[in-house]
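Trainee: One structure, pasted below without further comment.
What follows is calculated from the coordinates using simple rules that are stated; it is not laboratory data. Since the structure is predicted, the reported quantities are computational estimates derived from the model, not experimental observations. Cβ: placed from backbone, ideal geometry, glycine included. Neighbour counts: every protein chain shown.
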Amino acid sequence: MNDRRTFFQKLILGAGGLYSLNLLETLSLMKTESIKNPSRKLIATWNNPKAIQAAWEVLEKNGNALDAVEAGARIPEADPKDTSVGYGGLPDRDGDVTLDACIMDHLGRSGGVMFVKNIMHPISVARLVMEKTPHVYLVGEGAEIFAEAQGFKKENLLTPEAKKAWKDWLVRSEYKPKINSERHDTIGILAMDGEGKLSGACTTSGLAFKMKGRVGDSPIIGSGLFVDNEVGCATGTGLGEAVIRKVGAFSIVEMIRNGMHPQKACEKAIKRLIDIKEYGEFQVGYIALDKKGRLGGYGLRPGFQYITADEGKVVLHNADSFYK
Ligand code: SD4
């Protein structure tokens, strides 16, 4: 049977139900087998069922957590309809799509790229920075040169739709780095594989119509993503400037280390954001997975969603939030 269909057989509704037409369409493909290996866990920001599916397919074939999170992150990177990640991402205010990504494995190794243009899969470049260089980060032109040398092809990532949105924005050119009061799609994805190993990945095109060179939290190890294989892992989405200021993902993992459930740790990390006033009504959402396979997710404001594959069930969650 088609793997995709098998996977979605067990997709069930989270507490708040489903919003997404995509997901409802996908539900029509559902049949009735279960996902095996219930110890394997996945959690990703937003309503990204295809990403969870791609990651699950890796875990189901006894693949490792690192391969799973990379496979998951590559899905929105290649999706022209996802305006916050990779191809189809909204450009900066000069009309350039610039991408940020990072990845971290169970050995505590990490790699990241920032301000990368014309490369559709920055998450895979980030992985190669981790695996093939003695460094953690390559940025801008250096990352692009490295990617090309590794065989990535250069391509135009600005879709006609994103170009139109940018042209519309140019009419007023208001620079308002306010983010995520509505839904965004930056993907942070965390996995535990069949051996209990943890890995995570995060990839984004960042803030729409941002200043040239602006980088948010998503590629920053410790802020947008952190993995400690002994303890747990965390990632997030939302206004990167706020997340960086509180070193979001690392702080969540440290709270888990000190005995907190991932859910409580996400809640506490979100509460740390409320003294940040200058951005107005910004949004941040955090997710976490600990070494025991426990999951958590929480938003600063209503509207944050995350998706899990846990004990054979895929669930879309409407996260609870600090502000109601
Ligand atoms: C950033 N955290 O660049 C990202 C944006 C984001 O969904 O999460 N968008 O600040």
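Trainee: Going by how many other beta carbons lie within 10 Å of each one, how would you line up Met192, Met260, fewest first? Spell out each step's value before the answer.
Mentor: Numbers: Met192 28, Met260 20.
So the residues, fewest neighbours to most, are Met260, Met192.
Trainee: Ok, one more. Which one of His135, Ile307, Ala73 is farthest out on the positive end of the charge dipole of the range 35-318, using unit charges on Cβ (Lys, Arg +1; Asp, Glu -1) and the Cα centre as origin?
Mentor: Ile307
Trainee: With point charges of +1 on the Cβ of Lys and Arg and -1 on the Cβ of Asp and Glu, referenced to the Cα centre of the range 35-318, which listed residue (Asn48, Gly86, Gly213) lies farthest in the positive direction of the dipole?
Mentor: About the Cα centre, the residue reaching furthest to the positive side is Asn48.
Trainee: List the lysines whose Cα lies under 27 Å from the Cα of Lys324, skipping any in the same chain that are fewer than 8 positions away.
Mentor: Lys176, Lys178, Lys246, Lys264, Lys268, Lys271, Lys277
Trainee: With a 10 Å Cβ neighbour count serving as the proxy for reagent exposure, in which order, fewest first, do Arg272, Arg74 appear?
Mentor: Going from least to most buried by this count: Arg272, Arg74.
Trainee: Using 7 Å Cα-to-Cβ label points, what is the Glu141/Asn156 separation (nm, one decimal)?
Mentor: Simple spin-label model gives 2.3 nm for this pair.
Trainee: What list do you get for Glu174, Glu267, Glu57, Glu195 if you sort them by fewest beta carbons within 10 Å?
Mentor: Result, fewest neighbours first: Glu174, Glu195, Glu57, Glu267.
Trainee: Extension gain Glu230-Ser173, at 0.36 nm per residue separation less the Cα-Cα distance, in nm?
Mentor: Additional length available on full extension: 15.8 nm.
Trainee: Which residue, chosen from Ile276, Ala242, Leu289, occupies the Cα position most advanced towards the positive end of the dipole of the range 223-292, where the dipole is computed from +1 (Lys, Arg) and -1 (Asp, Glu) charges on Cβ about the Cα centre?
Mentor: Positive-most Cα among the choices belongs to Leu289.
Trainee: Moving on to the next point. Which lysines, on any chain, are close to Lys50 with Cα under 23 Å apart, when same-chain ones fewer than 8 places away are left out?
Mentor: Here the lysines satisfying the reach criterion relative to Lys50 are Lys10, Lys31, Lys36, Lys41, Lys61, Lys81, Lys197, Lys313.
Trainee: While we're here: In straight Cα distance, which lysines are under 16 Å from Lys153, not counting same-chain residues fewer than 8 positions off?
Mentor: Lys117
Trainee: Follow-up question, since we're still on this one. May I ask you to list the trypsin sites (Lys or Arg not before Pro) in the range 78-153 that are in a DSSP loop and have at most 13 other Cβ atoms within 10 Å of their Cβ? Write down the numbers at each step before the final one.
Mentor: Numbers: sites: Lys81, Arg93, Arg109, Lys117, Arg127, Lys132, Lys153; in loops: Lys81, Arg93, Arg109, Lys117, Lys153.
Of the trypsin sites (Lys or Arg not before Pro), the ones in loops of the range 78-153 whose Cβ has at most 13 other Cβ atoms within 10 Å are Lys81, Lys153.
Trainee: For the residue pair Ala149 and Asp96, what label-to-label distance in nm results when each label sits 7 Å from Cα along the Cα-to-beta-carbon direction?
Mentor: Between Ala149 and Asp96, the simple spin-label model gives 2.0 nm.
Trainee: FRET efficiency for Glu278 and Glu195, Cβ-Cβ distance as r, R0 = 51 Å, nearest 0.05? Mind dumping the intermediate values first?
Mentor: Values: r = 45 Å, r/R0 = 0.87.
About 0.70, to the nearest 0.05.
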